[in-house]
1. Hey, can you tell me all the residues within segment 214-255 that are free of Cβ contacts under 8 Å to residues at least 60 places away in the same chain, more than 20 Å from ILE141 (Cβ to Cβ) and crowded, with 18+ Cβ neighbours inside 10 Å?
2. Could you figure out which of (1) under 22 Å from PRO130 (Cα atoms); (2) crowded, with 18+ Cβ neighbours inside 10 Å isn't true of SER41?
3. Taking the stated definitions as given, is THR196 crowded, with 19+ Cβ neighbours inside 10 Å, of a type in the set (S, T, N, Q) and at pLDDT 95 or above?
4. Please list, ordered by residue number, the helices (runs of 4 or more DSSP H) wholly in segment 46-158 having 1 or more residues that are at pLDDT 95 or above, of a type in the set (Phe, Trp, Tyr) and more than 30 Å from ARG210 (Cα to Cα).
5. With the condition kept exactly as written, say whether any residue in segment 13-29 is of a type in the set (S, T, N, Q) and open to solvent by less than 10 Å² (accessible area, probe 1.4 Å).
6. From the list ILE35, ILE52, exactly one residue is in contact with a Leu (Cβ under 6 Å, 6 or more places away or on another chain), open to solvent by less than 10 Å² (accessible area, probe 1.4 Å), within 17 Å of ARG8 (Cβ to Cβ) and aliphatic (A, V, I, L, M). Which is it?
7. Can you tell me which residues in segment 84-126 are buried (at least 22 other Cβ atoms within 10 Å of the Cβ) and farther than 18 Å from ALA165 by Cα?
8. Looking only at segment 143-175, filter to residues that are among the hydroxyl-bearing types (Ser, Thr, Tyr) and in contact (Cβ under 8 Å) with a residue 60 or more places away in the chain; which one of those is most open to solvent (accessible area, probe 1.4 Å)?
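The values are calculated or read from the model by the stated rules, or taken from the named source; none is laboratory data. Since we're looking at a predicted model, the values are computed, not measured. Positions of Cβ are backbone-derived with ideal geometry, glycine not excepted, and every protein chain shown enters the neighbour counts. Heads up: the accessible areas ignore ligands, DNA and RNA and are worked out on the full protein's heavy atoms, side chains in. Shrake-Rupley method; radii C 1.70, N 1.55, O 1.52, S 1.80 Å.
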Amino acid sequence: MPFDLTGRRALVTGAGHGIGAALAYGLAAAGADVIVHYGRSAEGAEQVTARITGIGRKARAVQADVTDGAAVAGLVEEAAGFLGGLDIVVANAGHLVDRVPVAEMSEEHFRAVIDVNLTATYRTVHAALPHLRAAGRRGRIITMASQAAHDGGGPGAAAYAAAKAGIVGLTKGLAKELGRDGITANALAPGFIGDTAFHGTFTAPEVQERIVAGLPIGRGGTPEDVAGAAVYLASDEAGYLTGATFDIGGGAWPR
């Protein structure tokens, strides 16, 4: 199998549904054992865990609030204890929260969006660093940015775009700081990924149709499209790639 992850130990946050679920299963299908983190999607996380154990990989679903530093630290320690260490951390958890134009936005809303996206990514990576350093040249950090980081996002998504742009900058900084330890850090920036709760909640069907119609590749993305990139970035073959942002948007950005 190309991009063989046999023996690797991974933590994926926000893995109870959507892109996160595909990331967790994709890493497991390539050979990794996986901690399936979730916030509120307990049933989905258990289904992902069962699917992973069904193909002979080790997995556990673990709940934690990514806006709580102590909870994130506990999540990482449980993950490392169960798996015997960590080689791969995928900081996927995040949320639009709501579409609010800047003119109508409270500071509390802005802070909430930054916290659940950018600060949660920092918390996850910071807590995992001792374990990733112990993994040496197998250490991989994969963060979740967005096309919104490049184009400002859709209506009412300026705070989300700011958070995702911050994740790109954080990832580049991590790449510089951790390269000497052999750890790589790269970001995934999905564009329109259909069939997810995100767009089902925040994007009207007619808007989704217009987005897909304008994509050069002629279709919307799938969570598995994102997972394939993550498996590559977690592999030995990507060992010289760090500080990059992978745009997974069917040609929507850049053009």
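1. Passing the criteria: GLY220, GLY221, ASP225, GLY250.
2. Among (1) under 22 Å from PRO130 (Cα atoms); (2) crowded, with 18+ Cβ neighbours inside 10 Å, the lone unmet condition for SER41 is (1).
3. On the way: crowded, with 19+ Cβ neighbours inside 10 Å: yes; of a type in the set (S, T, N, Q): yes; at pLDDT 95 or above: no.
So THR196 fails the test.
4. Details: elements: 69-83, 107-114, 120-135, 148-151.
It comes to 69-83, 120-135.
5. From segment 13-29, those of a type in the set (S, T, N, Q) are 13; that's our starting set.
Imposing the further condition that a residue be open to solvent by less than 10 Å² (accessible area, probe 1.4 Å) reduces the set to 13.
Yes, the conditions are met somewhere in segment 13-29.
6. Details: ILE52 fails: in contact with a Leu (Cβ under 6 Å, 6 or more places away or on another chain).
Step by step, each of ILE35, ILE52 is checked, and only ILE35 is in contact with a Leu (Cβ under 6 Å, 6 or more places away or on another chain), open to solvent by less than 10 Å² (accessible area, probe 1.4 Å), within 17 Å of ARG8 (Cβ to Cβ) and aliphatic (A, V, I, L, M).
7. Scanning segment 84-126 gives LEU86, ASP87, ILE88, VAL89.
8. Residues of segment 143-175 among the hydroxyl-bearing types (Ser, Thr, Tyr): 143, 146, 160, 171.
Then drop every residue that is not in contact (Cβ under 8 Å) with a residue 60 or more places away in the chain, which leaves 160, 171.
Numbers: TYR160: 29, THR171: 2 Å².
Here the residue is TYR160.
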